[in-house]
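Below is one structure, written out as structure tokens, with a few remarks after it.
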Amino acid sequence: MATLPHKLNATSKEIIFQFLLHVLLFLFFTFDREEPHIEQFKIFAFINYALGAFVINYGLLPRFFYKKHYISFIISAIVVVTAIMLIEEMVLEKIYYPDTKGSRFQGVIYGLMDVMPIITILAGFKFAWDASKKQLEVEELRSSIQESELQFLKSQINPHFLFNNLNNLYSYAIAQSPKTPSIILELSSVLRYMLYDCKEKFVSLPKEIEHLENFTKLNELQIEERGKVSFKTKNITAEYQIAPLILTVFIENAFKHSTASQSDNIFIDITIKVNDNGMMEFECKNSFRSKGNTESLAKGIGLQNVKKRLQLLYPNSHTLTIDDNEGLFSVALKIQLKTAKA
């Protein structure tokens, strides 16, 4: 039901277009500029052409040509054009010009020269209209597929984040830690953002940064006194928008691999700044101890998903560099941000 108004609207546009095209062709074909008047013969001749073009446009094109039955289309089109010529030669000319044109057959070439210009124009514009409509449908389908893919990739946020933080929250609650209320608020804020606030393709940059700060604070609970976490921002304004949850995966990976490989001396440094031209520079560095799985750091499912999202959302407007060197894993991402809508 949701697509019905769209279809009616498209049909109305085609009707208006065809009406205007027929009016213009009718005036061009029938109006005598030397002696301003419209001959009755030309009125009926144009109706004859228009009816033939209607059969071709709305019968033969969809039934044969668009289904790639080209031979059937050609044969049928020849039959229609022949019928148009016979009606003009054997009926109209004998009625209106019985002593001149109607007295003898003018020949196939002469008949085609009369018939084909109008038929070609009407059929050509119909074909162009259908091609334009089909291209629009392809673009809409492509956009729909891309949006579905983005929604799927966005949904691939690691569910272990929730379980880990619930376990941490349980531990703090058992110990009756004074941090428990703030942890609940931060976790609530992060979940609300992930579930509700980031449904749009792009969100306000300050809102995304606020989410990342809360996300970092929650993950920092896994480290406690075992290391140091730094989160720094510069020139974050509401002037720009960013795709939500793009940066979350990098921060999540930094905590996951640092805490999994080290029991102490953990180091995580996150820096986000925006230049005057709207270029955002994100850098995330974390320490890790090699356990033979350094290659997987740059090839995890989460990173592959975020790379795909970057390709879809920021084609030719981002650079991503991932490197691991002597116990330091680093991610450097540059994105040309979009300006917020007024």
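The values are calculated or read from the model by the stated rules, or taken from the named source; none is laboratory data. Everything numeric in this text was worked out from a predicted model, so none of it was measured. Cβ placement follows ideal geometry from the backbone for every residue including glycine, while neighbour counts extend to all protein chains displayed.
The table below lists the values:
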{"item": "Among (1) in a helix (DSSP H, G or I); (2) modelled with pLDDT of 75 or more; (3) exposed (fewer than 15 other Cβ atoms within 10 Å of the Cβ) - the single one Pro178 does not satisfy", "result": "(1)"}
{"item": "Complete set of residues in region 226-277 that are surrounded by fewer than 16 Cβ atoms within 10 Å (Cβ to Cβ) and part of a loop (DSSP other than H, G, I, E, B)", "result": "Asn235, Thr237, Ala238, Glu239, Ser263, Asp264, Asn265, Asn275, Asp276, Asn277"}
{"item": "Pairs with Cβ under 9 Å, 6+ apart, first in region 54-70 and without any contact (Cβ under 8 Å) to a residue 12 or more places away in the chain and in the same structural domain as Lys133 (by TED's automatic domain parsing), second of a type in the set (Lys, Arg) and not in a helix (DSSP H, G or I)", "result": "none"}
{"item": "Residue list for region 318-329, restricted to those being surrounded by fewer than 16 Cβ atoms within 10 Å (Cβ to Cβ) and not acidic (Asp, Glu)", "result": "Thr319, Thr321, Asn325, Gly327, Leu328"}
{"item": "Checking Ser182 against (1) out of contact with any helix residue (DSSP H, G or I) (no Cβ under 8 Å at 6 or more places or on another chain); (2) within 21 Å of Ile270 (Cα to Cα); (3) among the polar types (S, T, N, Q), the condition it does not meet", "result": "(2)"}
{"item": "Candidates Phe73, Phe31, Phe26, Phe64, filtered to the one that is surrounded by 16 or more Cβ atoms within 10 Å (Cβ to Cβ), of a type in the set (Phe, Trp, Tyr) and either modelled with pLDDT under 90 or within 16 Å of Asp114 (Cβ to Cβ) (or both)", "result": "Phe26"}
{"item": "Hey, Gln135 at pLDDT 60 or above and at positive phi or not", "result": "no"}
{"item": "Members of region 315-337 that are at pLDDT below 90 and within 28 Å of the chain's Cα centre (by Cα)", "result": "Pro315, Asn316"}
{"item": "Residues (of a type in the set (Ser, Thr, Tyr), more than 15 Å from Asn286 (Cα to Cα) and free of Cβ contacts under 8 Å to residues at least 60 places away in the same chain) located in region 198-253", "result": "Thr233, Thr237"}
